[in-house]
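Asks: Before I ask anything, here is the structure I am working with.
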Ligand code: GRF
């Protein structure tokens, strides 16, 4: 199945990109990745894409005089590849409102917390400092404000006695790798509607519900 055409933007190791690559490799998955773009040369995720036969591009932000020029290059590459949905997966550049508006409702991000708490960096350190019993991850449509936008899917992850940032990040990352492919699938199946800045998922019951439970496989 060809399905929805994805572009994935990365800056680093690309484990979420890998989760999407693995999902897209399944015959019944309704999306495929047409292009992976990194703003960092040699990012680990580029090798993952190449290994899967996915076209890649490196667009280093430092080579552009303005953010707008950098983003125009990204948009041009995405358009050339026929991208219909842009997935941010550890892409470490803030995007201008112009870019976000260009891709409005066709641009999603994964963040390692249960938004709207712990926006920005160091979400796991802050969760540990607060002593919360649960944290998690969120896939959301991107809006100009950082880590804000209609929530497609979330997964709750327990914080365990003795956790440090690394153990917690590892547990959350495993949930991210389930959550991102789920969110993309729901969108690709045309079941996601944004109503008043909230997401409504058609037929979101049974194993396909948009909220994952940490006790389920
Ligand atoms: C993930 O934790 C993601 O939620 C955050 O950046 C990290 C990227 O990891 N936005 P990876 O590059 O996908 O392994």
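None of the figures in this text is laboratory data; all of them are computed from the coordinates on show. Just so we're clear, the structure is a prediction, and the values are computed from it rather than from any experiment. Cβ sites come from the backbone with ideal geometry, for glycine too, and all protein chains shown count toward neighbours.
Asks: Return 132, 199, 8 ranked ascending by Cβ neighbour count within 10 Å, so the fewest neighbours appear first.
Replies: By the 10 Å Cβ count, ascending, the order reads 132, 199, 8.
Asks: Okay, helix-only estimate at 222 nm for the chain: each DSSP H run of n ≥ 4 adds -39500 (n - 2.57), divide by all residues, round to 500 deg cm²/dmol; what do you get? Present the calculation step by step, with values, prior to reporting the outcome.
Replies: Working: 6 runs with 70 residues, N = 217.
Only helices count here, giving -10000 deg cm²/dmol.
Asks: Another question about this same structure. For a quick check: sort 170, 75 by the number of other beta carbons within 10 angstrom, fewest at the front.
Replies: Starting with the residue having the fewest Cβ neighbours, the order is 170, 75.
Asks: Could I ask something else about it? For the stretch 109-205, what does the convex hull of the Cα positions come to per residue, in cubic angstrom?
Replies: Details: hull volume 9.4 nm³, N = 97.
Once divided by residue count, the hull of the stretch 109-205 is 97 Å³.
Asks: Full-extension gain between residue 105 and residue 58, please, as 0.36 nm times their residue separation minus the C-alpha to C-alpha distance. Walk me through the numbers on the way to the answer.
Replies: Numbers: separation 47, 0.36 × 47 = 16.92 nm, distance 2.44 nm.
Residue separation times 0.36 nm, minus the Cα-Cα distance, leaves 14.5 nm.
Asks: List the extent of the Cα atoms of the stretch 46-189 along each of their three principal axes, largest first, rounded to whole Å.
Replies: Projected onto the principal axes, the Cα atoms of the stretch 46-189 cover 48, 31, 28 Å.
Asks: Take every Cα pair under 8 Å in the chain that's 6+ residues apart, average their separations, divide by the length, and report that relative contact order as a whole percent.
Replies: On the way: 422 pairs, mean separation 38.7, N = 217.
Relative contact order, the chain: 18 percent.
Asks: From the convex hull of the Cα coordinates of the stretch 77-148, what is the mean projected area in square nanometres?
Replies: Numbers: hull surface 19.8 nm².
Approximately 5.0 nm², given one-decimal rounding.
Asks: May I ask for the Kirkwood hydrodynamic radius of the stretch 1-103, worked out over all distinct Cα pairs and given in angstroms to one decimal?
Replies: Working: mean 1/r = 0.0733 Å⁻¹.
This gives a value of 13.6 Å.
Asks: Over the Cα atoms of the stretch 67-118, what is the Rg over Rh ratio if Rh follows Kirkwood? Numbers along the way, then the final one.
Replies: Working: Rg = 11.9 Å, Rh = 12.1 Å.
Radius of gyration over Kirkwood radius for the stretch 67-118 works out to 0.99.
Asks: Could I ask something else about it? Which FRET efficiency value, to the nearest 0.05, is calculated for residue 126 and residue 67 with the Förster distance at 35 angstrom and r the Cβ-Cβ distance?
Replies: On the way: r = 27 Å, r/R0 = 0.78.
Computed FRET efficiency for residue 126 and residue 67: 0.80.
Asks: Tell me the volume per residue, in Å³, of the convex hull enclosing the alpha carbons of the stretch 13-65.
Replies: Values: hull volume 4.0 nm³, N = 53.
Roughly 75 Å³ of hull volume per residue.
Asks: Once both labels are modelled 7 Å past Cα along the beta-carbon direction, what's the residue 26-residue 96 spacing in nm?
Replies: About 3.9 nm, to one decimal.
Asks: Nearest 10 degrees is fine. How inclined is helix 15-24 to the longest principal axis of the chain, computing both from alpha carbons?
Replies: So the helix axis and the longest Cα principal axis differ by about 80 degrees.
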